[in-house]
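Trainee: Quick one: the structure is below, and I'll ask about it shortly.
Here, each number is a calculation from the coordinates, and none is a lab measurement. Bear in mind that the values here come from a model prediction, so they are computed numbers and not experimental data. Heads up, the Cβs are rebuilt from the backbone with ideal geometry, glycines too, and the neighbour counts pull from every protein chain shown.
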Amino acid sequence: MNITRRYFLKSTGALALYCGISPARILAESGLSLSDLKPVTQGRTLVVIFLRGGMDGLNFIVPYGDPAYKSLRKSLLLDSPGQPGGVLDLNGYFGLHPKAAALQPLFAEGSVRALHAVGYAFNTRSHFEEQDTWETGVIGNTVNSDGWLNRHLATSHGYGPVRAISVGDNLPRILRGKAPAYALHGIADLKIPSMAQGDDAAMKAALEHAYCTPTPEHRDNARDLLSQTAATTIEGVDIIGRIAAQPYQPAATYPGTEFSRRLMEAARLIKANIGVEVVEIDYGGWDTHQNQGGTNGRYATLVQDLANGLAAFHQDMGQRMRETLVLTISDFGRTAAENGTGGTDHGWANCMLAMGGDLMTKPAPSPVLTTWPGLSKEQLHQGRDLLHTTDFRDVLGEIVAKHLGNPLLKTVLPNHDFKPVGLVHPIV
């Protein structure tokens with residue numbers, strides 16, 4: 001098996017370390033030192049689901065009580081609760097898309113909550129720019145920024161060699177940076193590839209010799225850091241390899257979709273107690289410019305898959321959901337009015353879902369957290385989009401500080417003055 005240094009490092013998410021960038025650098029740039037790092041809250045996990053393409057939040061958490069809603073949506077209109085194909089009532093003003101029925105009991109018991117009218121003031125409506133913004137948490141300089149989840153990892157102490165995993169084919173921007181993170185399609189995929197003769201021990205020994213054996217240049221910080229990182233990577237590969245060798249029987253029946261399979265992999269990793277604190281899952285296809293449909297069509301299928309997968313994950317996790325918080329994010333919302341092709345175009349503010357974690361121990365007074373701006377023409381942003389009333393960095397910051405327990409908020413999400421959201425309570 002021919003495996004180069006660059007390929008090995010790139011495939012394990014450690015290429016930045018190979019270039020000689022120390023984890024201490026991000027702290028130094030903020031006037032901090034390694035002694036400022038604090039341990040994260042042990043046992044807490046954050047699962048971030050990126051709904052790529054720009055989800056239409058107005059037809060997921062539906063403001064059916066807003067007088068302007070029905071005039072903005074024609075073919076996409078979802079009727080009031082009690083009508084055929086109507087929304088599932090949440091609080092007398094907002095309703096849940098009927099295809100998301102699997103989440104209704106979780107809303108009712110308080111373990112799922114929606115945030116609405118979330119965004120920020122400089123949205124460009126560009127997929128590339130806005131995905132970068134939501135992944136880096138930095139406004140206007142995303143090209144040179146690492147992911148905010150990676151900055152969390154780089155500014156805190158964890159409890160295992162496998163702290164962050166993306167269940168997918170690539171390591172997303174949100175996890176790229178100075179701290180090691182893994183990307184894998186499935187648990188069985190994250191292992192040292194077998195050689196032609198099946199001699200896995202020889203492959204491991206070769207990697208250890210290349211990366212972990214002290215050299216005459218061991219005093220060089222970059223090489224020393226590379227050696228440490230490679231050792232951690234190999235340790236993580238071994239740990240996940242042992243998990244893969246054990247059969248997994250989920251405590252729920254997952255739908256047979258790729259998204260649900262990834263959620264099941266996430267549950268398996270978290271319940272293995274190896275110190276995983278951050279999991280990222282991509283779920284694409286939400287750019288619904290045409291034929292979006294109301295209770296049928298592509299959008300409804302996506303919503304149903306999302307809801308059914310989350311409900312299965314919640315059941316599978318059982319009591320572990322009290323320590324696991326799931327959060328959905330997306331590029332941006334969609335236009336308030338549908339377009340001429342039965343779809344919606346790139347918009348502004350959007351909804352987010354939060355499930356589990358502190359929500360299960362301290363139920364919220366309302367299933368929808370929002371300062372609702374309204375949908376009438378004069379209330380819309382630029383006369384076309386839902387206006388944002390909550391900055392997305394306030395939501396992310398509250399989760400980093402209060403769920404994960406990282407106090408270095410200004411380093412994880414720089415250049416922002418944080419305001420309380422009320423989603424997550426302080427850790428006790």
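Trainee: Going by average Cβ density within 10 Å per residue, which order do the peptides 301-307, 326-332 take, highest to lowest? Write down the numbers at each step before the final one.
Mentor: Details: 301-307: 21.1, 326-332: 24.4.
The most tightly packed comes first, giving 326-332, 301-307.
Trainee: Let me ask something else. Cut-off is 10 Å between beta-carbons; in what order do Leu413, Leu149 appear when sorted fewest neighbours first?
Mentor: Numbers: Leu413 22, Leu149 31.
Going from sparsest to densest Cβ surroundings: Leu413, Leu149.
Trainee: Mind putting a number on the dipole of region 239-365 about its Cα centre? Charges go on the C-beta only, +1 for Lys and Arg and -1 for Asp and Glu, and I need it in Debye to the nearest 20.
Mentor: The dipole magnitude comes to about 480 debye.
Trainee: What does the charge add up to near Val303, with Lys and Arg as +1, Asp and Glu as -1, over the other residues with Cβ less than 11 Å from its Cβ?
Mentor: Counting the neighbours of Val303, the net charge comes to 0.
Trainee: Then there is this: Loop only per DSSP, at most 11 neighbouring Cβ atoms within 10 Å: give me the chymotrypsin sites (Phe, Trp or Tyr not before Pro) in region 100-148, ordered by residue number.
Mentor: Phe122
Trainee: Summing +1 for each Lys or Arg and -1 for each Asp or Glu, what net charge is found among the other residues whose Cβ lies under 12 Å from the Cβ of Val62?
Mentor: Charge balance near Val62 sits at -1.
Trainee: I would also like to ask the following. Dipole magnitude of region 300-359 about its Cα centre, charges +1 at Lys/Arg Cβ and -1 at Asp/Glu Cβ only, in debye to the nearest 20?
Mentor: Values: 3 positive and 7 negative charges, 27 e Å.
So the dipole magnitude of region 300-359 works out to roughly 120 debye.
Trainee: Sum up the charges of everything whose Cβ sits under 15 Å from the Cβ of Gln319, counting Lys and Arg as +1 and Asp and Glu as -1, but leave Gln319 out.
Mentor: 0
Trainee: Separate question: State whether region 246-289 is rounded, prolate or oblate according to the following rule on the C-alpha gyration tensor (a ≥ b ≥ c being the square roots of its eigenvalues): a/c under 1.5 gives rounded; otherwise a/b larger than b/c gives prolate, and the remaining case gives oblate. Don't skip to the end; give the middle numbers.
Mentor: Numbers: a/c = 3.94, a/b = 1.62, b/c = 2.43.
It comes out oblate by the Cα gyration axes.
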